[in-house]
Every structure is written in C-alpha cells, then in structure tokens.
Amino acid sequence: MRQVYYLTTAIPYVNANPHIGFALEILYADVMARFQRLLGKNVYFLTGTSEHGQKILKAAQAAGIEVNEFVAQKSAAFQELADEWNISHNDFIRTTEERHIRGVQKLWQAAEASGDIYKKSYVGLYCVGCEAFKTEKDLESGKCPIHQTEPEQLAEENYFFRLSKYQEPLEFLFSETKDFVVPPNRLLEVKNMLIAGLEDVSVSRSKEKVAWGIPVPGDEAQMMYVWFNELGNYLTALGYGSADQTKLNTYWPAVHVIGKDINRFHSLLWVAMLISAGLEVPRQIAVHGFLNVNGQKMSKSLNNVIDPRELTRQYPLEAVRYFFMREIPFDTDGNFSHQQFRERYQGDLANGIGNLTYRVLTMMEKYSAGQIPPVREINHALINFLTKETWPAYSEHLNNWRFDRALEAAGKFVSFCDQIISDAEPWALVKAGKMNEVNDLLYHLAEALRHIAVMIWPVLPETAEKIFTQLGLDVALELAKPLAELQQWVELTVGNKIQKAGPLFPRLAT
Ligand SMILES: [Zn+2]
C-alpha cells in the first residue's frame, strides 16, 4: 500500500484580504505536497479559512455587510489566491461549514468526556487582535507586542481546558520525537515554553462578548474559543464527527505547516487536545518564519504591504514561486524586494534554467536534426556529479524543509552543464567535423535537462512540464513515475523528436 501524507496549512482569519504571509505558507505546503507526490505517496493537502470571532463580526459590521455574506466573499478571495498561485490542494475547508461545526462540537465533547473541560470565573487581559488571553509577561510596556494595543480587562465565567494535565505527556513527546517540531530553533522555543510550565486555558467566551462563533455543546450561552474552534479543522475536513470515517482513518495524523507566531497553539494546545480526545498526535509540525519587505516588517503605516494577487499580476507566477522558495529560508525570516526579485529572475531563471534549455534545444535543432542524438562515450564526471552530489543534496534538503538549498543544488547542476558546454566548445567541434563528440555532448545535455525538469517540478510545475514537452517526452507518463525512477540516468529514446519553443523566461518589462 502507498504511504500516505496528510499536509495542512493554518487557516487564516478572513477579516482582511489575503496576505503575502499566507501565500508564502500555502506555497511552502504546495511544494512539499508536490515533492511527496513525486516520492509516490498518497498525499492529501488541506487549506481553508477561519471565519468566526469578534474581529470578523466587527469587520463585517464596519463594511456594512451581513456576516455570512462577508465571510463568503472573503473566503472566496483566499480560494482564488490558491487557484492563481497553482496550489495543488485537495480540499478547502471553511469553519462556517456544517461539517466543521458538527465535528468540532464532537471534539469538545470528547475532551469533556476525558474530564478536561471545566467552568470557572476568570479575570484576565484579552487581546482582540490575537483572539487570546494574555498574561503580564506576554506584554511589552502593557501592550500586545504583535498589535501594539492594550488588551481589554475581561471578567467572566468561561470553560477551561486542562492543559496543565498534559505537561508530562508533552515533555515526553518532545524528548522522544526529535523532529516532531521542525526546524530545531522552533522545537527549542516549545521546550522553553514547557519549562515555564503549562496553565489551563480558557476555551470559551460568553455569547454576549462573542456573538459570532460555534456554541459550546449543551451551553448556548457560551461560544467556543476561536482557537479551539479552528484547530479542529484539521480533523473535521477528514470527516471527524460524521458518519463516514474513511478519510480520517486513511490520512490522520497530519503534518502541519504553520507560522512561527502560532507555534504555541499547535505544538502545545492542539497536541494536548488530540491526546485528550483519544486521537493520534500530529506526524510533524513544520514552523516557518515571516516575510519582510525591503528589510522591514510589513505594515500599513509603512505602506509596504505586498498584495500577493497584485504580485502575480506584475510578474510571472512561476518566477514568483521560484523567488519565494529560493530566497526565503524556512527556518528564519526572509526578505522581499523588487530588486532582489529581478536579480533572481535574471540570474537563476532567464540566464540559468531558461538559457540552458534554449541553448541545448537550439543546438539539437541545428546539429542533430531536431532529435535526441545517439551516444558513444559516457561522461562519467557529469553523471557522478548528478547522481552522487546533486540528487542526494536535493532530496535531503527537501526532506528538511530547506527549499532554498534544494533549489541551490539544482542551480549548481545547471551551472555544471553550462560549464560543460563552454569547455567542449561545440561550435568548434562542428567546424572540425567532430560530430560524434557533438552528439555525445547533446545526448548528455538532453538527459541533464530531463533531470533538471524533475528537480524543479515541485516549485516550477509549468516550466518543468514545458521542458519535458520540448524534449519530446509525455508529461503525464513522466510524472506518473516515482522519484526513485526519475532520478536514474536513463537513455532517452534516440531519435525522439524535440519540440523547441521560445525562451522559458523572457526579459522582464522594466
Ligand atoms: Zn495581539
């Protein structure tokens, strides 16, 4: 049976339009999903939108739109972004859907049945921006460090989740499973939170305070805390709480891709909720950094907010996908600037992959009658570099969520091929009538291009498919092969007709 791989993104609040940070996240997840599919796994990839909470109700009221209509419009913008960015998700869940509401209420009841939900009076500081209670030590000069606002003082009777009960099970989990949270810097953060000690957390709000949410089962006066509500999406999308448990049994547990700001909620609260409900803990939690613009945090006041949908109207989508994966390391914050983008475009894509493809196809058209030429002498240096250095580095980096380094390895192989052409001077060989040597060179370069196409496919699927087609290969047949087979050095069918096309990455308009 094929291995399964269930991958999720966090679900963004729909109180605003899609943010570039979310685009970055679905892109990381998409590339990992495509890589896992290349490995031959049965991948299920989920994304969606979080549509409850006071913040959303206020935004709807400010916009003068009925809240159901407001969240439907906003969610549609996120779905359009996913389509425009060529995201290969299998499902898109909205927390206002019936399947989610029913499922998350069952999750609540499961925690209640374990004795982990209790009611108590509470006085605390609440940040509406975070939708979270804050302790004094979370604040900087009395303000939420994320929103720069003073939290509200709240006194009410709420339900609590017995997070403190899971201190030891979580400590055990984090010491036993080294890659449960990746990268290592994020695992360390969680371990430090555990050392500080876990306290029970409020998991409901009174309906008077939060009118837009999912009611607590059996207590209509209380609404589920938005985090309890939305974390459940990873289960409810698979049918948790419904009659059909097929997907849940097939795909759970998940690999969660999330931003560094919500590591605590996933690595501690969510994992404890799952243990409480008698479910398996996630397979892995992969935590990425944030995106800065021109070296600064994005903010409305700096007027440097990047709209992801604008960006792909300005630049080719594939180049945008490449830039983010090549330039933003998963484990730290990264930077976007138009200048950096143009440099990567020109250097790596136009002059790199694009130019190599164009050059090789042009030479085949001119020197080998538009066909894959026969080979006499094998170039062991090239094959060794590819199979012993490039592929192992590529796979290791992708398994470790280092998309930047995997692309770097592919880029080094592109440079290697460029160097081989410069060294061989095929135009001089042609002049000297050494056509066997020209054929040997072109044969190797054609097969090298096929390997490059496989390597870039998770990030640049359309470009990769164009390269397959230009080499006279059937895209569907190629992509149906597992990576272990695609990574082999094979003899491309001699005499296969190539289909040369224009440059893959034309010059950008200035
Ligand atoms: Zn806040």
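The values are calculated or read from the model by the stated rules, or taken from the named source; none is laboratory data. Remember, it's a predicted structure, so these values are computed and weren't measured experimentally. All Cβ positions, even for glycine, are placed from backbone atoms using ideal geometry, and neighbour counts span all protein chains on display.
Quickly run through segment 321-339 and pick out the residues that are touching a residue at least 24 places away in the same chain (Cβ under 8 Å) and not in a loop (DSSP other than H, G, I, E, B).
Quick first cut of segment 321-339, residues touching a residue at least 24 places away in the same chain (Cβ under 8 Å) only: 321-322, 324-337.
Matches in segment 321-339: ARG321, TYR322, PHE324, MET325, ARG326, GLU327, GLY334, ASN335, PHE336.
Quick one: GLY411 ticks every box in (1) assigned to a helix (DSSP H, G or I); (2) over 20 Å from VAL454 (Cα atoms); (3) in contact with a helix residue (DSSP H, G or I) (Cβ under 9 Å, 6 or more places away or on another chain) except a single one, so which number is it?
(2)
Quick one: is ARG186 touching a residue at least 40 places away in the same chain (Cβ under 8 Å), away from the ligand (no atom under 16 Å from the Cβ) and more than 30 Å from LEU398 (Cα to Cα)? Step through it out loud before you land on a result.
On the way: touching a residue at least 40 places away in the same chain (Cβ under 8 Å): yes; away from the ligand (no atom under 16 Å from the Cβ): yes; more than 30 Å from LEU398 (Cα to Cα): no.
Criteria not met by ARG186.
Quick check: anything in segment 111-121 under 30 Å from the mean Cα position of the chain (by Cα) and either more than 20 Å from ILE11 (Cβ to Cβ) or at pLDDT 95 or above (or both)? If you could, list the steps in order and put the result at the bottom.
Quick first cut of segment 111-121, residues under 30 Å from the mean Cα position of the chain (by Cα) only: 111.
From what is left, the residues that are either more than 20 Å from ILE11 (Cβ to Cβ) or at pLDDT 95 or above (or both) are 111.
Checked against the condition, which is being under 30 Å from the mean Cα position of the chain (by Cα) and either more than 20 Å from ILE11 (Cβ to Cβ) or at pLDDT 95 or above (or both), segment 111-121 yields at least one hit.
So how many residues does segment 130-154 have that are within 9 Å of the ligand (Cβ to nearest atom) and of a type in the set (Phe, Trp, Tyr)?
Number of matching residues: 0.
Only one of these conditions is not met by LYS191: (1) of a type in the set (D, E, K, R); (2) under 21 Å from SER121 (Cα atoms); (3) surrounded by fewer than 18 Cβ atoms within 10 Å (Cβ to Cβ). Which number is it?
Just one mismatch for LYS191, condition (2).
Select from segment 390-404 the residues that are in contact with a Pro (Cβ under 8 Å, 6 or more places away or on another chain) and assigned to a helix (DSSP H, G or I) and write down the one among them that is farthest from HIS380 (Cα to Cα).
ASP404
So, in segment 452-498, exactly how many residues are surrounded by 13 or more Cβ atoms within 10 Å (Cβ to Cβ), in a loop (DSSP other than H, G, I, E, B) and without any contact (Cβ under 8 Å) to a residue 60 or more places away in the chain? Break it down into steps so the answer makes sense when it comes.
Taking segment 452-498 and keeping what is surrounded by 13 or more Cβ atoms within 10 Å (Cβ to Cβ), we get 452-473, 475, 478-479, 481-483, 486-487, 489, 492, 494, 496, 498.
Adding the requirement that they be in a loop (DSSP other than H, G, I, E, B) leaves 457-460, 471-473, 481-482, 487, 489, 492, 494, 496, 498.
With the extra rule that they be without any contact (Cβ under 8 Å) to a residue 60 or more places away in the chain, the set shrinks to 473, 481.
Matching residues across segment 452-498 total 2.
Take the residues in segment 392-416 that are closer than 16 Å to PHE324 by Cβ and among the charged types (D, E, K, R), then tell me which one is farthest from the chain's Cα centre (by Cα). Step through it out loud before you land on a result.
Start the filter on segment 392-416 by keeping residues that are closer than 16 Å to PHE324 by Cβ, which leaves 397-398, 401-408, 410-411.
Filter again for among the charged types (D, E, K, R), leaving 402, 404-405, 408.
On the way: ARG402: 12, ASP404: 13, ARG405: 16, GLU408: 18 Å.
Ranking the candidates gives GLU408 first.
Can you work out which of the residues in segment 107-129 that are surrounded by 18 or more Cβ atoms within 10 Å (Cβ to Cβ) and assigned to a strand (DSSP E or B) is nearest to the ligand (Cβ to nearest atom)? I'd like the intermediate steps shown before the answer.
So in segment 107-129, the residues surrounded by 18 or more Cβ atoms within 10 Å (Cβ to Cβ) come out as 107-108, 110-112, 116-117, 125-127.
From what is left, the residues that are assigned to a strand (DSSP E or B) are 117, 125-127.
Numbers: ILE117: 25, LEU125: 10, TYR126: 9, CYS127: 3 Å.
My answer is CYS127.
Can you name the condition, by its number, that TRP427 falls short on among (1) aromatic (Phe, Trp, Tyr); (2) under 28 Å from PRO329 (Cα atoms); (3) assigned to a helix (DSSP H, G or I)?
(2)
Among the residues in segment 75-91, are any more than 30 Å from ILE20 (Cβ to Cβ) and either without any contact (Cβ under 8 Å) to a residue 60 or more places away in the chain or away from the ligand (no atom under 16 Å from the Cβ) (or both)? Steps first, answer last, please.
Of the residues in segment 75-91, the ones more than 30 Å from ILE20 (Cβ to Cβ) are none.
No - not one qualifying residue is present in segment 75-91.
Among the residues that make up segment 202-222, is at least one of them farther than 30 Å from VAL71 by Cα and free of Cβ contacts under 8 Å to residues at least 24 places away in the same chain? Talk me through it step by step, then tell me what you get.
Going through segment 202-222, the residues farther than 30 Å from VAL71 by Cα turn out to be none.
Within segment 202-222 (the criterion being farther than 30 Å from VAL71 by Cα and free of Cβ contacts under 8 Å to residues at least 24 places away in the same chain), the answer is no, since none of the residues qualifies.
Here is a yes/no grid of residues against (1) modelled with pLDDT of 95 or more; (2) of a type in the set (Ser, Thr, Tyr):
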position	(1), (2)
ALA16	no, no
ALA29	yes, no
GLN36	yes, no
VAL43	yes, no
SER50	yes, yes
LYS55	no, no
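Hey, among the residues in segment 337-362 that are more than 20 Å from ALA409 (Cα to Cα) and of a type outside the set (A, V, I, L, M, F, W, C), which one's surrounded by the fewest Cβ atoms within 10 Å (Cβ to Cβ)?
GLN339
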